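One structure is given here, and the rest of the page talks about it.
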Amino acid sequence: MPELPEVEVLVRHLSPLLKGKIITAVQVHRTKVLLPTSPSQFTRALRGARFTGLSRRGKYLVFTLQRPRRRTPLTLLGHLGMTGRMYLAPASPPPLRHVAVMLRLGRQNFIYEDTRYFGRLTLDTSALARLGPEPLDPEFTPDALARALSRSSQPVKVKLLDQVVVAGLGNIYASESLFRARVSPCLSARKLTHKQVYRLWRAIRHVLAEAIACGSTVPLNHAGHGKRDGLFYFGRAAGAPDFYAKRLWVYDREGKPCSGCGASIKRIVQATRSSYYCPRCQHQRGRPRHRGRGKTS
DNA sequence: CACCATGTTCCTTG
DNA sequence: CCAAGGAACATGGT
């Protein structure tokens, strides 16, 4: 469930539910997700602490807590990796398979489960310092994007996954943004024209904002365990419409017709990850490769 | 069995 | 020192 929009929707969901709750017990089932914090350090710091706030930075959840008889607030950093979920559940739940950490909050539990354990729930916040601009904040300007792309010869799709370029974009929305901007994923980052950068900038913001709006509208069930939950990041409540997946124009649509022109959507591998695009709508064309010395204008 | 999967970090290579 | 490429992490679905 893990790109910026999904995390944002989760944060909005959890924030009011957590506020004011006090952690009465801590259970660590997977030491790995705490690293480099140790289990004893983690447990000691959190027991007795009260949730005061929750926000998002890139794909990270930033929890703030207040500890008894302490002035400085505590920051807890969460990341969902590929398969992480965080939700509140009744204190006596059915046995769950991949619970990494459980925090008891009176009659409820805050559960972080993660089948692949790629995610994090840790007191180490150093990862935040390595993030680039928030795409929906004013600091993210067309110029900032242009500068970030200008020094890389990597394909633009690969560069967009670099969290220094823009925080929170992942494999799905990178493809979706490029489609919306009509820019080929293969184009070298530094070869985009100003116009292409501008279109990409607008596309990124549009695509992310739309996904947040969509997730905020769909009835969600973050604790849900549907097997078919793979590609729709928010667990859908029973009976909810499937228009979330339908909003994707190219991702995971190899061989299907482009909704713009009808051409077959292509899948390619870049930096060991799948990219999807329409070969007709997204032309491989940016700055001219060489300075023209011929007759063209 | 083979290949695929929403992410990040670390190591090697150039 | 830096950029780029790839493997590793761990588990499950198709």
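Computed from the coordinates by the stated procedures, all read-outs in this text should not be read as laboratory data. All figures in this text were calculated on a predicted structure; none of them were measured in a lab. When we count neighbours, we look across all protein chains shown, and the Cβ atoms used for this are built from the backbone with ideal geometry, even at glycine.
The table that follows gives values for the structure above.
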read-out	value
Two-decimal ratio, the stretch A:131-172, of alpha-carbon radius of gyration to 2.2 N^0.38 Å	1.06
Chain A: angle of helix A:171-181 to the longest principal axis, Cα-based, in degrees nearest 10	40
Convex hull per residue volume in Å³, alpha carbons only, for the stretch A:116-191	116
Gain in span if fully extended, A:SER55 to A:SER126, counting 0.36 nm per residue against the direct Cα distance	23.9 nm
Rounded to 10°, Cα long-axis angle of helix A:194-217 versus longest principal axis of chain A	40
Square roots of five times the Cα gyration tensor eigenvalues for the stretch A:1-45, Å	24, 17, 8
Potential lengthening between A:VAL164 and A:CYS261 on full extension [0.36 nm per residue; Cα-Cα distance subtracted]	31.6 nm
Helix-only [θ]222 nm of chain A, DSSP H runs n ≥ 4, -39500 (n - 2.57) each, per residue, nearest 500	-7500 deg cm²/dmol
Integer Hz, Karplus 6.51/-1.76/1.60 couplings in order for the stretch A:114-124, x for Gly and Pro	6, 4, 9, 6, 8, x, 9, 8, 8, 8, 7
For the stretch A:1-113, Kirkwood radius (reciprocal of mean inverse C-alpha pair distance, Å)	14.3
Cut-off of 10 Å, at most 14 other beta carbons, DSSP loop: longest stretch of chain A lacking such GluC sites (Glu not before Pro)	A:1-138
Proxy reagent accessibility, fewest Cβ within 10 Å first, across A:VAL156, A:VAL165	A:VAL165, A:VAL156
Trypsin sites (Lys or Arg not before Pro) within the stretch A:1-105: DSSP coil, no more than 14 neighbouring Cβ in 10 Å	A:LYS19, A:ARG69, A:ARG70, A:ARG71, A:ARG97
Extension reserve of the A:PHE118-A:GLN41 stretch, reckoned as 0.36 nm per residue once the Cα distance is removed	25.6 nm
Cβ-defined net charge surrounding A:PHE140, 9 Å radius [Lys, Arg +1; Asp, Glu -1]	-2
Relative contact order of the stretch A:1-59, pairs being alpha-carbon contacts under 8 Å that are 6 or more residues apart, as %	52
Disulfide-incompatible cysteines by the Cβ rule (no partner under 4.7 Å) in chain A	A:CYS186, A:CYS214, A:CYS261
When each of A:LYS157/A:LYS191; A:LYS59/A:LYS159; A:LYS159/A:LYS195; A:LYS32/A:LYS159; A:LYS59/A:LYS157 is checked by Cα-Cα distance, pairs over 20 Å	A:LYS32/A:LYS159
Convex hull volume per residue in cubic angstrom - Cα atoms of chain A	144
Length-normalised contact order for chain A - Cα pairs under 8 Å, 6+ apart - percent	16
